[in-house]
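Working notes, beginning with the structure itself.
The values are calculated or read from the model by the stated rules, or taken from the named source; none is laboratory data. All values reported here derive from a predicted model rather than from experimental measurement. Cβ atoms come from the backbone with ideal geometry, glycine included; neighbour counts cover every protein chain shown. Accessible surface is based on the protein model in full, side chains and every heavy atom, while ligands, DNA and RNA are left aside. Shrake-Rupley method; radii C 1.70, N 1.55, O 1.52, S 1.80 Å.
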Amino acid sequence: MVVTNAEGVNVLERRTDGDNPVTIARYVERVAFDSNATSGGAVPTGAIRAQIFFRQADEQGRVVRYAAETVIWLRNS
């Protein structure tokens with residue numbers, strides 16, 4: 001879940017049963033998940049693509065963006 005912390009920074013949190021948040025990443029702009037059906041066939045059947053998009057301003061105030069993605073193969077598919 002992406003939430004804004006007390007410093008005003010968006011963080012990606014992992015929560016167990018909706019509680020006990022653990023910060024996984026900071027300066028997260030958004031998170032996206034795609035399957036074979038939602039990607040128009042770009043993701044193989046039996047897998048999910050996870051993407052994390054980051055955004056942070058550097059010391060000069062310029063916005064720096066970065067994205068990371070991986071394909072996760074599902075065990076029971």
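See the values below:
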read-out: Under Karplus coefficients 6.51, -1.76 and 1.60, residue-wise ³J(HN,Hα) of segment 57-64 in Hz, glycine/proline x; value: 8, 7, 4, 8, x, 6, 7, 10
read-out: Gain upon complete extension [Val31, Thr45; 0.36 nm per residue less C-alpha separation]; value: 3.0 nm
read-out: The chain, accessible surface, carbon-and-sulfur percent (1.4 angstrom probe); value: 50 percent
read-out: Accessible area in square angstrom per residue, the chain, 1.4 angstrom probe; value: 76 Å²
read-out: In segment 20-64, trypsin sites (Lys or Arg not before Pro) in a DSSP loop with at most 14 other beta-carbon atoms within 10 Å; value: Arg62
read-out: Chymotrypsin sites (Phe, Trp or Tyr not before Pro) lying in DSSP loop within the chain, provided at most 16 other Cβ fall within 10 Å; value: Tyr27
read-out: Inter-label distance, nm, simple model (7 Å from Cα along the C-beta direction), Arg75/Ala6; value: 3.7 nm
read-out: Hull-based mean projected area of the chain, where the convex hull spans the alpha carbons, in square nanometres; value: 6.8 nm²
read-out: The chain: relative contact order as a whole-number percent, Cα under 8 Å and 6+ apart; value: 21 percent
